[in-house]
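The values are calculated or read from the model by the stated rules, or taken from the named source; none is laboratory data. Not measured: the values here are computed from a predicted model. Positions of Cβ are backbone-derived with ideal geometry, glycine not excepted, and every protein chain shown enters the neighbour counts. Only protein heavy atoms, including side chains, enter the accessible area calculation; ligands, DNA and RNA are left aside. Shrake-Rupley method; radii C 1.70, N 1.55, O 1.52, S 1.80 Å.
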Amino acid sequence: MSFAQDSRFRVEAKFYQKLRGQIIECELCPRGCVVRDGERGHCGVRENDGGIFYTLVHSRVCAAHVDPIEKKPMFHYLPGTVAFSLATAGCNVNCKFCQNWEISQARPEEVRADYIPPQRVVELAKLYDCPTIAFTYSEPTVFSEYLMDVADAGHDAGVSSVAVSNGYIQEEALKSVYGKMDAVKIDLKAFSESYYRDVVAGQLKPVLDSLVTLQNMGKWIEIVYLVTPTMNDSDAEIFGLAQWIKANLGVDVPLHFTQFHPQYLLKDLPVTRVETLERAKSIADAEGLHYVYIGNVPGHAAQNTYCPRCSRLLVERAGFISGQMHIHDGGCAFCGNPIPGVWHK
């Protein structure tokens, strides 16, 4: 048996329905792929075999590292700790700016991978003193079955789980999959359907719906918005984004405006100017959002966390490293104002 067909990686998928004959319909993401026998869905990692839908990437890890949690980025979740971070091949969108396109846009048989079953992931997390397992690099939605099994094994051993996702997932699947997460970071690619259509090959509305659902589930969420020059950086779009977050999620959800660097299929654009990021932050600040950060600009003051009441520095960051922290019992150590987040296990 070839590595590509190794039965260790083949597990029946959880989110699909059988149609006529041996055709199935995937119910994992909004694409709702209708897949004939012997074919795969858009993500390339889920295959119809005789009318049964299989994931081909269970325990099939193509990237694994120990990262600072700040790299995800998550700023209000166990700052100063590290996460055992892993991915399989595949994604359900096709971002033209993807920094991990070698694995996200590949089929599982096209990339080298190791067999790391759930219990072994937990053992490695504990070995490297990681209080958290992070599902990241590609798109966790497409390896949902593995994610869920790892999360269950982790929770049994006192290890938490977080996901770094595009949020492009059907509601019922989201409740099952990300219901097992202790926190979720969503990459909100833009605040326009045209950008999602032309640059992401996806849709905006399902992502916004996912954010609301996660909020209603009580999950800790943070949002990253990659500011792409000339494409999603207009004042009107940033203002609309900030308004939507305030109205639908509240003012305490952290929002990270991240600097774009040209890569993959968007190499003709410049790096985002720091002034553009600062303008985006000022718009969101003016709308009343409490925790607006600037990412990918090491040393910028907007990487730190400040108290929205007394303006004192609460968490100091240098790149992906958190320094002094002045949060006590979930609040500002100076004035006592509650600071939402997950500060301690």
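What the table below lists for this structure:
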{"item": "Counted residues, region 242-253 - those being under 15 Å from Trp220 (Cα atoms), open to solvent by 20 Å² or more (accessible area, probe 1.4 Å), part of a helix (DSSP H, G or I) and among the aliphatic types (A, V, I, L, M)", "result": "0"}
{"item": "Residues of region 3-19 satisfying the condition of being open to solvent by 70 Å² or more (accessible area, probe 1.4 Å), of a type in the set (D, E, K, R) and at pLDDT 95 or above", "result": "Glu12, Lys14, Lys18"}
{"item": "Count of region 61-107 residues which are part of a loop (DSSP other than H, G, I, E, B), of a type in the set (D, E, K, R) and more than 15 Å from the chain's Cα centre (by Cα)", "result": "2"}
{"item": "Subset of region 268-316 [more than 18 Å from Trp244 (Cα to Cα), of a type in the set (A, V, I, L, M), open to solvent by less than 50 Å² (accessible area, probe 1.4 Å) and not in a helix (DSSP H, G or I)]", "result": "Leu269, Ile294, Val297, Leu313, Leu314, Val315"}
{"item": "Whichever residue in region 286-345 is hydroxyl-bearing (Ser, Thr, Tyr) and touching a residue at least 24 places away in the same chain (Cβ under 8 Å) and, among such residues, is nearest to Asp187 (Cα to Cα)", "result": "Tyr293"}
{"item": "For Leu204: the one exception among (1) closer than 22 Å to Ala280 by Cβ; (2) crowded, with 23+ Cβ neighbours inside 10 Å", "result": "(2)"}
{"item": "Those residues of region 317-334 which are under 15 Å from Gly80 (Cα atoms), open to solvent by less than 60 Å² (accessible area, probe 1.4 Å), part of a strand (DSSP E or B) and among the small types (Gly, Ala, Ser), in sequence order", "result": "Ser322, Gly323"}
{"item": "Counted residues, region 211-238 - those being touching a Ser or Thr at 6+ places or on another chain (Cβ under 8 Å) and not acidic (Asp, Glu)", "result": "7"}
{"item": "Residues located in region 110-119, provided they are crowded, with 16+ Cβ neighbours inside 10 Å and outside any loop (DSSP other than H, G, I, E, B)", "result": "Pro118"}
{"item": "Failed criterion for Tyr196 (all others in (1) surrounded by 22 or more Cβ atoms within 10 Å (Cβ to Cβ); (2) over 26 Å from Arg279 (Cβ atoms); (3) free of Cβ contacts under 8 Å to residues at least 24 places away in the same chain hold)", "result": "(2)"}
{"item": "Within region 144-241, strands (runs of 3 or more DSSP E) holding 1 or more residues that are among the charged types (D, E, K, R)", "result": "183-187, 220-227"}
{"item": "Hits in region 161-189 - residues which are under 14 Å from Ile133 (Cβ atoms), surrounded by fewer than 24 Cβ atoms within 10 Å (Cβ to Cβ) and touching a Leu at 6+ places or on another chain (Cβ under 8 Å)", "result": "Lys180"}
{"item": "Filter result (in contact (Cβ under 8 Å) with a residue 40 or more places away in the chain and among the hydroxyl-bearing types (Ser, Thr, Tyr)) within region 274-285", "result": "Thr276"}
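Table: residues versus (1) farther than 27 Å from Asp6 by Cα; (2) open to solvent by less than 10 Å² (accessible area, probe 1.4 Å).
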| position | (1), (2) |
| --- | --- |
| Gly44 | no, yes |
| His58 | no, no |
| Pro79 | yes, no |
| Ala87 | no, yes |
| Gln105 | no, no |
| Pro131 | yes, no |
| Asp152 | no, no |
